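Have a look at the structure below before the remarks.
Here, each number is a calculation from the coordinates, and none is a lab measurement. Quick caveat, the model's predicted, so the values are computed rather than measured. Because the Cβ atoms are built from the backbone with ideal geometry, glycine has one as well, and the counts that use them run over all protein chains shown.
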Amino acid sequence: MARCGADTIIVDLKKEMAEACYLVLKAQAKYDGGYWNTTGIARAVTVRGLLPEMIRRGCSVLAHGATGRGNDQVRFERYVNVLAPHMRVYAPWRDPALLAQFPGRTQMAAYLKHFGIEAFSGGRKQYSTDANLAGLSHEAEDLESLRTPCTIVKPTMGVWPHDASDRIEKFTVVFKRGRAVKINNRKVNPLSAMRLANKIGGRNGIGLKHALENRIIGTKSRGVYEAPGMELLGRCLEFVYQAVLDRRSTQLFQQLSMLVAGQIYDGRLYDPVTRAALNAVESLAQNASATVQVGLYKGNIYFLKLTDCPGSLYNEADSSMEKSSGLNPTSSQGFVEIQGVEALSMAKAGQIDLKVKK
């Protein structure tokens, strides 16, 4: 834009993006195929960060380059509507007049070249990439064909597992109320934590995902995703949640996680229901404090140990298969018999038609 003569303002949102990563991690918010929705959360951060600067300079219209076939057009416009209802949105890729002159990127590149501006160099790309601190998404071009292997993607934040080191690398992280505060004995804030986790996870082939996702507009899209830091920190935090959440809390957390993931994907981070769900997640994460150590090896994350977890519900004595001072095995006799009453009732009433015949 600067080379075209437009006034260009750079808004630094790295800290805000890192904080958003922590929000997604705490909620364990993953979308279709179990990938971290790095693009969806970035749109919320981008629009919220840009609007104040635009308004300060008298701008009344936000223009975006999202296509008329994807998710981002919905996200950009919803966030403008929610955060600055008085502003309008212009989407060139949905403008019939513009599309008549520029039906695709090839025509746009040729137009710019006429004015001495090289938009695309190095020949045709095999796919398109969108990048931010949380991760990368690779889509379009050759990846649109399901006959094309995902390995045509050359990872930017790390390597494919088969190219990673042949040695297990230990990784230790300390969580306080669901937030990473120390990595490998080094104090971290959200931004430094994400950068460090991305580096360590990336070199070990962590966080590469393939998904055929369900888009907001009803179509399916194919993507290859990189999120080494999110996957690494997210998996470690999952181990803490397993220790501190009881069964019903876990079920509620999983429902909240799915809700938050869908809301972020749909461009609804600031909706009331999303904020309510995040408040509930925050409550459940109050006991998620512990030190977790894992081993990283060719895309795998091996649990090694969990310590310093005062909120842990795990009791070795209660779980032991050997004689211990924990739960008395005979104490469960009545509980098991009560559970059996319902099973007997259903069987006798013919509601279960799988009984073994005499």
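The table that follows gives values for the structure above.
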| quantity | calculated |
| --- | --- |
| Computed magnitude of the charge dipole of the chain (debye, nearest 20; Cβ of K, R +1, Cβ of D, E -1) | 280 debye |
| Positive-end extreme of charge dipole, segment 240-305 - chosen from Ser289, Tyr241, Leu304 (charges on Cβ) | Leu304 |
| Sites matching GluC sites (Glu not before Pro) across segment 45-135 that sit in DSSP coil, with at most 14 neighbouring C-beta atoms within 10 Å | Glu118 |
| Positive dipole terminus of the chain, leading residue within Leu98, Met108, Leu232 (C-beta point charges) | Met108 |
| Angle in degrees between helix 105-114 and the longest Cα principal axis of the chain, rounded to the nearest 10 | 40 degrees |
| Computed label-point distance, nm, for sites Met346 and Phe303 using a 7 Å Cα→Cβ extension | 2.9 nm |
| Virtual spin-label span in nm between Gln251 and Gln339, 7 Å along Cα→Cβ | 1.4 nm |
| For Cys236, Cys309, Cys59, order by how many other beta-carbon atoms lie within 10 Å, fewest first | Cys59, Cys309, Cys236 |
| Segment 154-260: trypsin sites (Lys or Arg not before Pro) in DSSP coil with no more than 15 other Cβ atoms inside 10 Å | Arg167, Arg177, Arg215 |
| Residue of Val89, Val294, Val341 that the Gaussian network model of the chain assigns the largest fluctuation, springs spanning Cα pairs under 10 Å | Val341 |
| Debye, to nearest 20: dipole size of segment 1-106, +1 on Lys, Arg Cβ, -1 on Asp, Glu Cβ | 60 debye |
| Where trypsin sites (Lys or Arg not before Pro) fall in DSSP loop in segment 17-114, at most 15 other Cβ within 10 Å | Arg57, Arg69 |
| Length gained when the stretch Arg105-Asp130 is fully extended (0.36 nm per residue, less Cα-Cα span) | 7.4 nm |
| Rounded tilt (10° steps) of 38-56 against the dominant C-alpha axis of the chain | 50 degrees |
| Mean residue ellipticity (222 nm) of the chain, computed from DSSP H runs ≥ 4 via -39,500 (n - 2.57), nearest 500 | -13000 deg cm²/dmol |
| Approximate spin-label separation Ala243-Asp142, in nm, with each point projected 7 Å along Cα-to-Cβ | 4.5 nm |
| R0 of 25 Å, Cβ-Cβ distance Val61-Lys154: FRET efficiency to nearest 0.05 | 0.10 |
| FRET efficiency for Ala2 and His114, using Cβ-Cβ distance with R0 set to 22 Å, rounded to 0.05 | 0.75 |
| Dipole of segment 48-162, positive direction: furthest Cα of Pro155, Ser145, Pro85, with charges on the beta-carbon | Pro85 |
| Crossing angle, helix 190-203 versus the chain [Cα axis fit, 0-90 degrees, rounded to tens] | 80 degrees |
